[in-house]
1. Just for helices (runs of 4 or more DSSP H) wholly inside segment 312-413: which have at least 2 residues that are touching an Asp or Glu at 6+ places or on another chain (Cβ under 8 Å) and either open to solvent by less than 30 Å² (accessible area, probe 1.4 Å) or of a type outside the set (S, T, N, Q) (or both)?
2. Taking segment 373-413, which residues are polar (S, T, N, Q), out of contact with any strand residue (DSSP E or B) (no Cβ under 9 Å at 6 or more places or on another chain) and modelled with pLDDT of 95 or more?
3. Tell me which residues, restricted to segment 291-310, are open to solvent by 50 Å² or more (accessible area, probe 1.4 Å), farther than 12 Å from Leu231 by Cβ and not in a helix (DSSP H, G or I).
4. Test Asp253 against the criterion of being touching a Cys at 6+ places or on another chain (Cβ under 9 Å), modelled with pLDDT of 95 or more and either open to solvent by less than 20 Å² (accessible area, probe 1.4 Å) or of a type outside the set (A, V, I, L, M, F, W, C) (or both), and give yes or no.
5. For segment 35-88, how many residues meet the condition of being among the aliphatic types (A, V, I, L, M), assigned to a loop (DSSP other than H, G, I, E, B) and out of contact with any strand residue (DSSP E or B) (no Cβ under 9 Å at 6 or more places or on another chain)?
6. Can you confirm whether segment 58-65 contains a residue that is at pLDDT 95 or above and either polar (S, T, N, Q) or buried (at least 21 other Cβ atoms within 10 Å of the Cβ) (or both)?
7. Would a scan of segment 144-157 turn up a residue that is in contact with an Asp or Glu (Cβ under 7 Å, 6 or more places away or on another chain) and either buried (at least 21 other Cβ atoms within 10 Å of the Cβ) or modelled with pLDDT under 95 (or both)?
Amino acid sequence: MPSNPRITIIGLHFPPETTGNAPYTGSLARGLLAKDLSTLVITGHPHYPEWVIRTGYGAWVRRELVDGVHVTRLRHYVPSKPNAVRRLLSEVSFGIRVLFESWGRPDVVVLVSPALFATAIAVLRARLSPSRPAVVVWVQDLYSLGVTEIGAGGRSVAAIMTWVEAMTLRAASKVVVIHERFAIYARESLGVEAQRIQVVRNWTHLASAPDRDVAAVRSGFGWDADETVVLHAGNMGAKQGLENVIAAARLCDDANLPIRFVLLGDGNQREHLELIGSGVKRLQFIDPVADSDFQAVLASADILLINEKPGVSGMSVPSKLTSYFDSGRAVVAATGPDGITAAELQAADGGFVVESGDPGALVTVCLNLREHPEKAEAFGNNGRQFRRDVLGEERAIAGFANMLEDVATKKAR
């Protein structure tokens, strides 16, 4: 084995982006560096979920140090109004940039999916490279399952996505997935050999929050002390199906219920959601907040919400769930009862699951938690304990580092 394996991480998203897989990629890079694994990151410029390159970024190539990690940022196509085709072009444009960029002669390349098509291009380059680095694909979302669940493009598109994802994962030295159900799907539906699949759970990437003045935070957002605040934090995209939340807030208006639904974050559906939610009194939109304030906002709400579009239940594990558990607040998941999100919440005993697309059921369960604060407190405590026992960052990154060292050893033989 190389005395100090060289690792190159390639992924479209990286801090300062705070949603999706960016926080995990950032903490993995920092963690590997702390374990004396030489680490380089190749990524895009921060643009998600706003789909606008942030101020101060955008150069054709930008090299910088982020928390001691060498980061190369490549300019690629960022659509201001993303749809399926434009997102595909965005991924491919990043993949083409990666194809011609120096990777630093790594022993192991870690490719983060999404973006699947950029990952597929990078796998091809790795296989054609004279140095033949080992390839690890880190699967955060399953494209083929997502296309099927969302119903985008029909059977032909689903078949193409499945073929691309299967070929990409089968070509990897190792496939890291974030949940046991992903491992089953990769093995049974995509044909990846079981011995090349490893589960590394996503972790809570935020440090423990200091005590904050909850009353002051609530006052700053205009939240009354006697109303129940139900907060959804993160991306506002198609798979979240947040029209359900707006319908629930409208029901609370009609019945004059003391519940406020808050949507914190950004995404390609926010403008649409603001339009259809116009005039709903018990609905509030909040712009993204800094990491240093994020946990305080979560802890100042009464209930934390995950909402998924009906039919979307197996394509991803919501990254927000780890931060939700850390907040010590009860969680409500409006999702398919047999999906991954429901299974995670039930495993933690951290809250209630209600059927997605049923705003009346969502309102009912929020009223239940309002009327039984001792139940809400128990759920919050359970979620926090699950975070400590199962979702610890140190254990996850140690497992990842050991796997990378093992892959590097086998590659060197």
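The values are calculated or read from the model by the stated rules, or taken from the named source; none is laboratory data. None of these values were measured; they are calculated from a predicted model. Quick reminder, even Gly has a Cβ in these numbers, built from the backbone with ideal geometry, and neighbours come from all protein chains shown. Each accessible area value is taken on the protein alone, full model and side chains, heavy atoms only, with ligands, DNA and RNA left out. Shrake-Rupley method; radii C 1.70, N 1.55, O 1.52, S 1.80 Å.
1. Values: elements: 320-327, 340-348, 359-371, 373-390, 393-412.
Filter on segment 312-413 gives 359-371, 373-390, 393-412.
2. Asn381
3. Within segment 291-310, the subset open to solvent by 50 Å² or more (accessible area, probe 1.4 Å) is 291-293, 302, 309-310.
If we keep only those that are farther than 12 Å from Leu231 by Cβ as well, we get 291-293, 309-310.
Passing the criteria: Lys309, Pro310.
4. Values: touching a Cys at 6+ places or on another chain (Cβ under 9 Å): no; modelled with pLDDT of 95 or more: yes; either open to solvent by less than 20 Å² (accessible area, probe 1.4 Å) or of a type outside the set (A, V, I, L, M, F, W, C) (or both): yes.
So Asp253 does not fit the description; no.
5. Let us first name the residues in segment 35-88 that are among the aliphatic types (A, V, I, L, M), namely 37, 40-42, 52-53, 59, 61, 65-66, 69, 71, 74, 78, 84-85, 88.
After this cut, where a residue has to be assigned to a loop (DSSP other than H, G, I, E, B) as well, the list is 37, 52-53, 59, 78.
Filter once more, so that each one left must be out of contact with any strand residue (DSSP E or B) (no Cβ under 9 Å at 6 or more places or on another chain): 52.
Of the residues in segment 35-88, 1 are among the aliphatic types (A, V, I, L, M), assigned to a loop (DSSP other than H, G, I, E, B) and out of contact with any strand residue (DSSP E or B) (no Cβ under 9 Å at 6 or more places or on another chain).
6. Within segment 58-65, the subset at pLDDT 95 or above is 58-65.
Among the residues that remain, those that are also either polar (S, T, N, Q) or buried (at least 21 other Cβ atoms within 10 Å of the Cβ) (or both) are: none.
No - not one qualifying residue is present in segment 58-65.
7. So the first thing to find is which residues in segment 144-157 are in contact with an Asp or Glu (Cβ under 7 Å, 6 or more places away or on another chain), and the list is 144.
If we keep only those that are either buried (at least 21 other Cβ atoms within 10 Å of the Cβ) or modelled with pLDDT under 95 (or both) too, we end up with 144.
Yes: segment 144-157 contains one or more residues that are in contact with an Asp or Glu (Cβ under 7 Å, 6 or more places away or on another chain) and either buried (at least 21 other Cβ atoms within 10 Å of the Cβ) or modelled with pLDDT under 95 (or both).
Quick grid of which residues meet (1) assigned to a loop (DSSP other than H, G, I, E, B); (2) open to solvent by 30 Å² or more (accessible area, probe 1.4 Å):
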{"residue": "Asp226", "(1), (2)": "yes, yes"}
{"residue": "Ile246", "(1), (2)": "no, no"}
{"residue": "Ala249", "(1), (2)": "no, no"}
{"residue": "Phe261", "(1), (2)": "no, no"}
{"residue": "Leu273", "(1), (2)": "no, no"}
{"residue": "Val280", "(1), (2)": "yes, no"}
{"residue": "Phe285", "(1), (2)": "no, yes"}
